[in-house]
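Visitor: So that we are looking at the same thing, I have put the structure below in structure tokens.
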Amino acid sequence: MTVHATAEQARRILRDASEAALNDAEFAAVLKEREFSLQFVLVDPELALRLDADGVEDGAPRPSVLRLEGETDALHEILLGRLPVTRAIVDHRLVVKGQVAAVRQLADVLPVLGREYYKQISQGPQAA
């Protein structure tokens, strides 16, 4: 059983959360100053998004500094703070592609993204 009923629902929630996170000045500054980009390539349901200081793009239009591949449910648990990234990697629920220094930057990015994701799923049936 997946958290999101459809790929469209999962994509919309993650996209809306990412766009909302970009409205956080500190979050946007981190992405811009570090030239950081993050790509999500997820399955069950399938979706792909790319996030950088310029916005959110559907699919995988170009390479990113860091690419997260795995289960949509695993990302859900990570963003809610229920599953540490390292545990998701060890359990083979998430594959991280990129340099180690870029992986460390997740500590500055995931809390804001997680906060906005939580807001999106908390809006009730119309969001979740």
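Visitor: Using 5 Å bins from zero, what percent of all Cα-Cα pairs in segment 7-121 falls into each bin?
Guide: Whole-percent P(r) values from 0 Å outward: 2, 12, 25, 28, 23, 9, 1.
Visitor: Here's another thing I want to ask about it. What order, most packed first, do the peptides 33-40, 83-90 have when packing is the mean number of other Cβ atoms within 10 Å of each residue?
Guide: On the way: 33-40: 17.9, 83-90: 14.6.
Output ranking for 33-40, 83-90: 33-40, 83-90.
Visitor: Treat every Asp and Glu Cβ in the chain as -1 and every Lys and Arg Cβ as +1, leave all other atoms uncharged, and give the resulting dipole magnitude about the Cα centre to the nearest 20 debye. Don't skip to the end; give the middle numbers.
Guide: Numbers: 15 positive and 20 negative charges, 48 e Å.
Using only the charged Cβ atoms, the result is roughly 240 debye.
Visitor: A further question follows. So what J values fall out for segment 51-60 if you push phi through Karplus, 6.51 cos²θ - 1.76 cosθ + 1.60 with θ = phi - 60°, rounded to Hz, Gly and Pro as x?
Guide: After applying 6.51 cos²θ - 1.76 cosθ + 1.60, I find 10, 8, 4, 8, x, 10, 10, 6, x, 10 Hz.
Since every read-out is calculated from the coordinates, none of them should be taken as a lab result. Please read all numbers here as calculations on a predicted model, not as lab measurements. Virtual Cβ from ideal backbone geometry, glycine too; neighbours counted across all protein chains shown.
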